[in-house]
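Heads up: the structure comes next, in structure tokens.
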Amino acid sequence: MKTYELYLIQEDIAKAYFGREYLFFDLFARFSESGSLSEKKVLYKQMMYITMPLQVMKIHHKLEQALRVLGKYERTHHAHTLYTGAEYGEIMVKSQYIRMNTSGNVSMETTFFEVLRKCELTFLAMDYENKKYGWLNPLKQVRTYV
């Protein structure tokens, strides 16, 4: 089973850190692994500075519309679950982040990512266990000329 966390990064910060996404990954990974409360407080403040709250109702609506026609679909309070044959996927939408669990091949991940990609431009997905991360919508480098 793969687990992803997705955060909505502020657009100006996402553009400023284009090509250095590993810094975001490092911040979020350190927060999830930290055992020190004082370190977690500092990391949390940094995370809140670079992320934006999610438009939860909009995301729930888009997910429900897209997923209910694809297989056995269930929705609970903030979770969407989809079964298609041997594949399973669950996506939980919180106010600051989205947690996604999938099993089977990558088509379930792709299905969820495609829906979320259409909701916002600067979602960053991170798989801490496999140390993978990336934008759902690839960003373009902004060049400033002086």
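The values are calculated or read from the model by the stated rules, or taken from the named source; none is laboratory data. Predicted, not measured: the structure shown is a model, and the values here were computed from it. So basically every Cβ, Gly included, is an ideal-geometry build from the backbone, and we count neighbours across all protein chains shown.
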_Where the second residue is among the acidic types (Asp, Glu) and surrounded by fewer than 17 Cβ atoms within 10 Å (Cβ to Cβ) and the first is more than 14 Å from LYS58 (Cα to Cα) and lies in segment 75-101, which pairs have Cβ atoms under 9 Å and are six or more apart or on separate chains?_
ARG75/GLU64; THR81/GLU74; LEU82/GLU74; TYR83/GLU74
_Consider segment 19-41. How many of its residues are over 17 Å from the mean Cα position of the chain (by Cα) and surrounded by 14 or more Cβ atoms within 10 Å (Cβ to Cβ)?_
2
_Hits in segment 107-146 (condition: modelled with pLDDT under 90 and of a type in the set (A, V, I, L, M, F, W, C))_ = LEU139, VAL142, VAL146
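If I go through segment 44-78 residue by residue, how many of them are β-branched (Val, Ile, Thr), in contact with a strand residue (DSSP E or B) (Cβ under 8 Å, 6 or more places away or on another chain) and over 25 Å from PHE25 (Cα atoms)?
The qualifying residues number 0.
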*Could you count how many residues in segment 69-82 are closer than 20 Å to LYS94 by Cα and either in a loop (DSSP other than H, G, I, E, B) or among the aromatic types (Phe, Trp, Tyr) (or both)?*
4
*Filter segment 59-74 for residues that are without any contact (Cβ under 8 Å) to a residue 40 or more places away in the chain and under 17 Å from GLU5 (Cα atoms) and give the result.*
HIS60
*Failed condition for THR81, given (1) exposed (fewer than 14 other Cβ atoms within 10 Å of the Cβ); (2) among the hydroxyl-bearing types (Ser, Thr, Tyr); (3) in contact with a strand residue (DSSP E or B) (Cβ under 6 Å, 6 or more places away or on another chain); (4) farther than 21 Å from ASN130 by Cα, with all others met?*
(1)
*For TYR7, state whether it is under 23 Å from SER103 (Cβ atoms), in contact with a strand residue (DSSP E or B) (Cβ under 9 Å, 6 or more places away or on another chain) and either loosely packed, with under 14 Cβ neighbours inside 10 Å or among the aromatic types (Phe, Trp, Tyr) (or both).*
yes
*Looking at segment 1-41, which of its residues are part of a helix (DSSP H, G or I), of a type in the set (A, V, I, L, M, F, W, C) and over 19 Å from ASP127 (Cβ atoms)?*
ILE13, ALA16, LEU37
*Scan segment 57-76 and give yes if some residue there is under 26 Å from GLY19 (Cα atoms), of a type in the set (A, V, I, L, M) and touching a Lys or Arg at 6+ places or on another chain (Cβ under 9 Å), otherwise no.*
no
